[in-house]
Amino acid sequence: MTHNVLVPVDGSPLSIQALEFALEEYDDASIVALHVLDPSDPGYSSTTEVDVRTEPAYGSEEWYERAGEEEERIFDEAREAAAEYDVEITTDGVVGEPAREIVDYAEERDVDHVVMGSHGRTGITRVLLGSVAEMVVRRSPVPVTVVRHEGDQ
């Protein structure tokens, strides 16, 4: 029986799909939506289109303020999705490299299962970008369910 489920969210439709999967599959569990702000990502670790030429200077106080606003938007979206299932979720944000932070979060807290989306990148894009889901699957101390976009192979 799964009691505590961790769902990393970045505002992408796929992360919301993973959250919805968790809400359906683990309706008796406590669910945490986790956003990881990657300080090496000038785009605030979200799927919002960002023109770095017009955004606050990367790493500046204004950049972190904007990142916080973006994180709150992501959490609002996650809470709205959960409300459709009549479930309240917990939200939490951390700063660091996403795969490492997700695994550390699962290790350091009483997490029983991780549910996350994967864009299913292959070949050169995976080599260049790395795969957060793949790293989490390899290193997680608990089972991981990977939800993929229906069009991905």
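The values are calculated or read from the model by the stated rules, or taken from the named source; none is laboratory data. Since the model is a prediction, treat every value here as computed from it, not as a measurement. Quick reminder, even Gly has a Cβ in these numbers, built from the backbone with ideal geometry, and neighbours come from all protein chains shown.
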Exactly one of A99, A67, A133, A78 is modelled with pLDDT under 90, assigned to a helix (DSSP H, G or I) and within 13 Å of the chain's Cα centre (by Cα), and that residue is A133
Restricted to region 112-130 and to residues being modelled with pLDDT of 90 or more and either in contact with a helix residue (DSSP H, G or I) (Cβ under 7 Å, 6 or more places away or on another chain) or surrounded by fewer than 15 Cβ atoms within 10 Å (Cβ to Cβ) (or both), the residue farthest from S15 (Cα to Cα) is V114
Considering region 13-52, residues that are under 25 Å from P141 (Cα atoms) and modelled with pLDDT under 85, and then whichever is farthest from the chain's Cα centre (by Cα), we arrive at D27
Checked L14, L6, L23 against criteria (closer than 21 Å to R100 by Cα and assigned to a helix (DSSP H, G or I)); the one match is L14
